[in-house]
Every structure is written in structure tokens, then in C-alpha cells.
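Undergrad: Got a structure here, written out as C-alpha cells. Questions coming.
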Amino acid sequence: MGNLESNLNNLSETFDKLNEIRESSLTISRSIVRDCSKSIRYLHRNDTEGAKEFIKNAEKKIKELKKLTSKVSEISFAGYVLDAEREYVEAVIFYVYEMNGIIEPFEKFDVHPSSYIQGIGDTIGEWRRKALDNLKNLELNNAESYLNIMEEGLGILNQLDYPDALTGGLRRYADNARGIIERTRSDVTNAFVNDALRDDISKIKRDEL
């Protein structure tokens with residue numbers, strides 16, 4: 001076998017292995033995204049047990065994905081891998097807040113730091129949905145608690161001042177989160193004002209009787 005043919009065979013074998021890892025990691029990543037989406041949907045239905053099961057499934061797959069890609073930087077930083085990590089962070093943060101009332105810290109995750117901060121940004125949108133659901137049911141204090149945790153999440157994003165190349169577009173996430181929070185603050189404020197007006201009207205009616 002000549003040097004050229006041997007060289008090409010080695011290259012082909014290497015790329016074959018990389019392609020196998022890519023295909024496997026792509027399948028796992030898609031499965032993680034599905035599990036996390038289902039977990040979030042269950043939480044919006046207030047089914048914490050169902051949400052927990054899907055998070056457990058996603059956690060196992062995240063570990064498998066990390067092991068598979070840890071020595072292949074080209075794949076470790078691939079968009080679909082980072083997307084899976086971001087979705088996982090979002091699902092876990094959303095779940096942990098529902099259970100414990102805190103934002104799960106970065107040290108609890110084995111993901112890229114950019115995936116963590118993007119996950120926080122995405123969770124702020126889920127918290128808005130929760131706030132609106134509580135406003136609809138006139139549970140104003142609960143809605144306000146979601147507004148407070150949204151602001152805490154934004155506070156984390158605002159404290160980080162690094163290039164987008166490292167953070168995966170932190171400023172865009174922060175700007176989007178800021179807009180979501182401003183709308184939510186307006187909704188919550190209006191709800192409290194309307195509630196106070198209802199109390200005043202009820203008091204006037206009682207006094208007239």
C-alpha cells in the first residue's frame with residue numbers, strides 16, 4: 001500500500017468515527033429537547049411528578065451526550081448540542097423553581113456556560129406564562145413572585161459582561177428578557193390597581209346599603 005493510499009485510509013477511518021459520533025449525538029440531542037419540552041408542558045399543567053420523570057430522562061441523556069462528545073470539540077460545540085444543553089437548563093431551572101423557589105446554580109450543571117445563561121433567558125419566558133396564568137386566576141401575589149424571579153434571572157445576565165463569542169449572544173438574550181419583564185411588570189401592576197379598584201367599589205356599595 002502506497003503512502004497516499006494509507007494516508008487516505010487513515011483519514012477516512014477518522015472521519016467515519018467522527019461521523020458516527022455526530023449521528024449519535026444528533027439523535028441524543030433531539031431526544032433531550034423532546035424530553036425537556038414535555039417536562040415544561042407538564043409543569044404548566046402543574047404536574048410536577050410528570051415533569052420530574054422527563055427531566056430524569058433528559059439528565060441521563062445529557063450525561064451520555066457529554067461523554068460522547070467530550071473529546072471531540074467540533075461536535076461538543078455544535079449548535080444542536082448547545083441547543084440540547086440550553087433546553088435542559090431551561091427545564092431544570094423551571095422545575096427547581098417550582099419545587100424550591102430558587103434558580104438552580106451553574107455548578108449543578110455539566111454544560112457549557114453559554115448554555116446556562118441562555119437557559120436562564122429562555123426560562124424567563126416560561127415564568128411570564130406562569131405569571132399570566134396566575135393573573136387570570138386573580139392570584140396576584142403568586143404572579144408577583146414570578147415577576148420577582150424573572151428580575152432575579154435578568155440580574156444574573158446583566159452582571160455578565162463578556163463578548164458574544166463566549167456567551168452565545170448574551171446581550172440579545174438580556175434585551176429580550178428585559179422586554180418580557182417590562183410587559184409582565186405592566187400586567188402585574190395593572191392587575192393590582194384593578195384589584196384595589198374592585199375593593200373600593202365593593203366598599204362603596206356596602207356603605208350604600
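Undergrad: Using the beta-carbon distance between Glu23 and Lys60 and R0 = 22 Å, what value does 1/(1 + (r/R0)^6) give for FRET efficiency, to the nearest 0.05?
TA: So the FRET efficiency works out to roughly 0.70.
Undergrad: Before anything else, pin down the relative contact order of the range 122-209: Cα pairs under 8 Å, at least 6 apart, normalised by residue count, whole percent.
TA: 34 percent
Undergrad: Normalised by the number of residues in the range 1-111, what is the relative contact order in percent for Cα pairs under 8 Å and 6+ residues apart?
TA: Once divided by the residue count of the range 1-111, the mean separation gives 28 percent.
Undergrad: Using each residue's phi in the range 29-40, evaluate 6.51 cos²θ - 1.76 cosθ + 1.60 at θ = phi - 60° and report the 3J(HN,Hα) Karplus result to the nearest Hz, with x for Gly and Pro.
TA: 4, 5, 5, 4, 4, 5, 4, 5, 4, 5, 4, 5
Undergrad: Å³ per residue of the Cα convex hull, for the chain?
TA: So the per-residue Cα hull volume is 124 Å³.
Undergrad: Something else: What are the extents of the Cα atoms of the range 122-209 along their three principal axes, listed from largest to smallest and rounded to whole Å?
TA: 67, 17, 14
Undergrad: Just to be sure I understand: with springs between alpha-carbon atoms less than 10 Å apart, which residue in Leu135, Leu160, Leu147 has the highest mean-square fluctuation in the Gaussian network model of the chain?
TA: Of Leu135, Leu160, Leu147, the most mobile in the Gaussian network model is Leu160.
Undergrad: So, one more: Using only the alpha-carbon atoms of the range 1-111, report the extent along each of the three principal axes, biggest first, to the nearest angstrom.
TA: Between the extreme Cα coordinates on each principal axis of the range 1-111 lie 66, 23, 18 Å.
Undergrad: Something else: Of all the stretches in the chain, which is the longest one without any exposed loop site, taking trypsin sites (Lys or Arg not before Pro) in a DSSP loop (any state but H, G, I, E, B) with at most 11 other Cβ atoms within 10 Å?
TA: Value returned for the longest uninterrupted segment is 72-209.
Undergrad: If you add up the charges near Leu26, with Lys and Arg at +1 and Asp and Glu at -1, over every other residue whose beta carbon is less than 12 angstrom from its beta carbon, what do you get?
TA: Within the 12 Å Cβ shell, the charges total -1.
Undergrad: Then there is this: Explain nothing, just the number: dipole magnitude of the range 1-111 about its Cα centre with +1 on each Lys and Arg Cβ and -1 on each Asp and Glu Cβ, in debye rounded to the nearest 20.
TA: Charge dipole, the range 1-111, about its Cα centre: 240 debye, nearest 20.
Undergrad: May I ask which residue of Ile120, Asn137, Ile103 lies farthest towards the positive end of the charge dipole of the chain, with charges of +1 (Lys, Arg) and -1 (Asp, Glu) on Cβ and the Cα centre as origin?
TA: Asn137
Undergrad: For labels at Asp175 and Ser70 in the simple 7 Å Cα→Cβ model, what's the distance in nm?
TA: Computed distance between label sites Asp175 and Ser70 equals 3.8 nm.
Undergrad: Each residue of the range 137-144 in turn: what ³J(HN,Hα) in whole Hz from Karplus with 6.51, -1.76, 1.60 and θ = phi - 60°, glycine and Pro shown as x?
TA: 8, 6, 9, 5, 5, 5, 4, 5
Undergrad: Kindly flag which residue pairs out of Lys38/Lys130; Lys66/Lys108; Lys60/Lys108; Lys63/Lys108 have an alpha-carbon separation exceeding 18 Å in this structure.
TA: Over 18 Å Cα-Cα: none of the listed pairs.
Undergrad: Quote the relative contact order of the chain in percent (integer), defining contacts as alpha-carbon pairs under 8 Å separated by 6+ residues.
TA: Rounded, it is 16 percent for the chain.
Values in this text are rule-based calculations from the coordinates and carry no lab data. Quantities reported herein were computed from a predicted structural model and do not represent experimental measurements. Positions of Cβ are backbone-derived with ideal geometry, glycine not excepted, and every protein chain shown enters the neighbour counts.
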